[in-house]
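Worksheet: the structure to be examined is printed underneath.
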Amino acid sequence: MWLNIVSMMFDRQRILILSLCVILTAIFAGCKSSGGLFGQPDETAEAGELVRAANGHLREISRLYEKNEGKREELKTAMAADDAPAVRAICKDIVDSINSGKAQADAASEKIDEALARNINEDYREYLDLKRDALKKQIQAFEEYRQAARKLSAEYDPKDAQARDVVVADFKQRSESFQKLMQQGRDLSDQANEKAKSVMQRSNEE
């Protein structure tokens, strides 16, 4: 069970990176402006530049994931061997990677917030609202993952059954929370992508 939980968390980390990199910036370029002749100028193009910058941060998250992809097998091997020092070292690497990834995710979220503050067309706004909410759910999920790895690093002791049981229970609880938040993020991202498809279809029919 322990190793299965570890495996699931890393697998869902891979899904997260893939879903984070799906933000599309050009879909709404041809949508009607939300600003009238005497209203505020349409800033959809400027918002698109901010979202492209956000995608740069998301690509960095993907790079961090690829760099640390082998940690799953390393952790599984260390735990199977009851190698506490190795478990602690691997967890430290995981936490460091998550910290770096979270900084990139926070930066991406800020860029999307800046884009939403612009005078943009409503289709694009709805799309970015959903993508921003999806990203925030995923950031929350990674915080659960980080806390789980920190506790595992600090308290994993194969020689102390009671302490091990406590760590396992905490790890399982945070894993379930991680998975729930990840699913909520994916659902929001799917809604955004469906929005994009409907806009493209409507544009093609006009």
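A short reminder: the numbers here are calculations on the coordinates, not readings from a lab. Keep in mind the model is a prediction, meaning the values are calculated, not measured. Cβ placement follows ideal geometry from the backbone for every residue including glycine, while neighbour counts extend to all protein chains displayed.
Gain on full extension, evaluated as 0.36 nm per residue between A81 and D187 minus their Cα-Cα distance, stands at 34.4 nm.
Each peptide among 159-167, 74-82, 97-105 gets the average number of other Cβ atoms lying within 10 Å of its residues, and from highest to lowest they stand as 97-105, 74-82, 159-167. Roughly how far apart, in whole Å, are the Cα centres of region 55-99 and region 116-184? Taking the Cα centre of each part, region 55-99 and region 116-184 sit 15 Å apart.
Rg and Dmax of region 62-123, both derived from C-alpha coordinates alone, stand at 17.9, 57 Å. Value of Rg to Rh for region 67-206, rounded to two decimals, is 1.14; Kirkwood radius and Rg both from alpha-carbon coordinates.
For region 108-119, the Karplus equation 6.51 cos²θ - 1.76 cosθ + 1.60, evaluated at θ = phi - 60°, returns couplings of 5, 4, 5, 5, 5, 4, 4, 5, 5, 6, 7, 7 Hz by residue, with Gly and Pro reported as x.
For V168 and A117, calculate 0.36 nm times their separation in residues minus their Cα-Cα distance, and state this gained length in nm to one decimal.
14.0 nm
Phi-derived couplings, Karplus 6.51 cos²θ - 1.76 cosθ + 1.60 at θ = phi - 60°, listed residue by residue for region 73-87: 5, 4, 5, 4, 5, 5, 5, 5, 8, 6, 8, 4, x, 5, 4 Hz, with x used for Gly and Pro.
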